Amino acid sequence: MLSILNHHAQEKKNPVNNLKAIKNGTTIFYADEGISFTSQTFSNTFSLKGLKKIFRQYRIKKDDAKLTDKDLKYQNFYVSKNDKLADDLIQYNSYYFVEGKKNRVTVFWFGAVNKQDRSFERKYVNRILQDSIPETIFVHPTKMNNIDFAGRNLTLSNSECHWTTINSIQCPYYGQISWSLHTTLEEATTRRDIQILLTKNKKGTQAISEDIVDVEFEGSPAKAIKIIYDIKGINSLLAGMSGAKKLTVYYVASEVRGTYMSCIMSFWNNDVKTDSGLSPLLEEIMKIK
């Protein structure tokens, strides 16, 4: 893999609130420091009978170890399950089944690739159950005219843009961007490199070119890894319905307004292009030098 950044653990100088969340029915989706997690509260009581169906819903088997995390402030069962995604890529999953208000069960799931931070998980389990998460971190699932892009108000001119997940926006025929905010440049770079490996290991995806290009990212000079993928198999069939066959992706890890960002920017071969060769959404945050 191409290596373009010095992995010094530089601390951010002017931190922004990295935590973001989206409510979807009874489930709340969160993202912070490259870790995705959810919380969901059930009407079931915190008892063996009440937990039985919930374990089944989360695919927790009878022989899975169900431990008690004594560092949490609430009655709980903790389950850890890992999935091998590819060579050198492990998805770590943590499940917390916790007694919340009125003896009801709240379930927390934390997932990250090649990374597991139990202190991070406990911090958010306690904060969420104590109702100490500010409403300002919640993203409206449908209002897409203006979004918070690492402390900058980014105006989206395409009314068809939508969230695919937290910090991931897709604008049909205008491109897609996904990002995560981190405490250090090393963490942002690691996240970027993992995203490259995940894409390369997707079934039916073949990298046909890979280059390092000089860019201006959010107003500052940076290096981007540009990879063009040929999409085959079922992915090709789905993409082919719109005439798309190749996906161009730019990967950047850079300091942005006092924090550190890992950002993935992509567009299909049949998307709208500007004079620079980028799609309109990408050009909102990056310029090719």
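Right, residue 75: more than 30 Å from residue 190 (Cα to Cα) and either in contact with a helix residue (DSSP H, G or I) (Cβ under 8 Å, 6 or more places away or on another chain) or surrounded by fewer than 20 Cβ atoms within 10 Å (Cβ to Cβ) (or both) or not?
Details: more than 30 Å from residue 190 (Cα to Cα): yes; either in contact with a helix residue (DSSP H, G or I) (Cβ under 8 Å, 6 or more places away or on another chain) or surrounded by fewer than 20 Cβ atoms within 10 Å (Cβ to Cβ) (or both): yes.
Taking the combined requirement at face value, the residue satisfies it.
Restricted to segment 259-273, and to residues that are of a type outside the set (Lys, Arg) and more than 30 Å from residue 184 (Cβ to Cβ), which residue is surrounded by the most Cβ atoms within 10 Å (Cβ to Cβ)? Break it down stepwise before answering.
Initial filter on segment 259-273 (of a type outside the set (Lys, Arg)): 259-272.
Now drop any that are not more than 30 Å from residue 184 (Cβ to Cβ), which leaves 268-272.
Working: 268: 19, 269: 14, 270: 13, 271: 22, 272: 15.
Checking each candidate, the answer is 271.
Considering only segment 195-207, state which residues are in contact with a strand residue (DSSP E or B) (Cβ under 9 Å, 6 or more places away or on another chain) and open to solvent by 20 Å² or more (accessible area, probe 1.4 Å). Even if it seems obvious, please write down each step before you answer.
Applying the first criterion (in contact with a strand residue (DSSP E or B) (Cβ under 9 Å, 6 or more places away or on another chain)) to segment 195-207 yields 195-202, 204-207.
195, 197, 198, 199, 200, 201, 202, 204, 205, 206, 207, listed by residue number.
Would you tally the residues in segment 55-86 being acidic (Asp, Glu) and without any contact (Cβ under 8 Å) to a residue 40 or more places away in the chain? It would help to see each step written out before you state the result.
Looking only at segment 55-86, we keep the residues that are acidic (Asp, Glu), and these are 63-64, 69, 71, 83.
Right, trim to without any contact (Cβ under 8 Å) to a residue 40 or more places away in the chain and you get 63-64, 83.
So the answer is 3.
Please work out which residue is modelled with the lowest pLDDT, limiting yourself to segment 16-31 and to residues that are of a type outside the set (A, V, I, L, M) and surrounded by 14 or more Cβ atoms within 10 Å (Cβ to Cβ). I'd like the intermediate steps shown before the answer.
So in segment 16-31, the residues of a type outside the set (A, V, I, L, M) come out as 17-18, 20, 23-27, 29-30.
Filter once more, so that each one left must be surrounded by 14 or more Cβ atoms within 10 Å (Cβ to Cβ): 18, 20, 29-30.
Values: 18: 81, 20: 90, 29: 94, 30: 95.
Among those that are of a type outside the set (A, V, I, L, M) and surrounded by 14 or more Cβ atoms within 10 Å (Cβ to Cβ), it is 18.
Tell me, please, whether a residue that is open to solvent by 60 Å² or more (accessible area, probe 1.4 Å), among the aliphatic types (A, V, I, L, M), over 23 Å from the mean Cα position of the chain (by Cα) and at pLDDT 90 or above can be found in segment 37-59.
Let us first name the residues in segment 37-59 that are open to solvent by 60 Å² or more (accessible area, probe 1.4 Å), namely 41, 43, 48-49, 52-53, 56-57, 59.
Keeping just the survivors that are among the aliphatic types (A, V, I, L, M) gives 48.
Of the ones still in play, those that are also over 23 Å from the mean Cα position of the chain (by Cα) are 48.
If we keep only those that are at pLDDT 90 or above as well, we get none.
No, segment 37-59 contains no residue that is open to solvent by 60 Å² or more (accessible area, probe 1.4 Å), among the aliphatic types (A, V, I, L, M), over 23 Å from the mean Cα position of the chain (by Cα) and at pLDDT 90 or above.
The values are calculated or read from the model by the stated rules, or taken from the named source; none is laboratory data. Note that the coordinates shown come from a computational prediction; the quantities given were computed from them, not determined experimentally. FYI the Cβ positions are ideal-geometry reconstructions off the backbone, even for glycines, and counts take in every protein chain you see. What goes into the accessible areas is simple: the full protein's heavy atoms, side chains included, and nothing from ligands, DNA or RNA. Shrake-Rupley method; radii C 1.70, N 1.55, O 1.52, S 1.80 Å.
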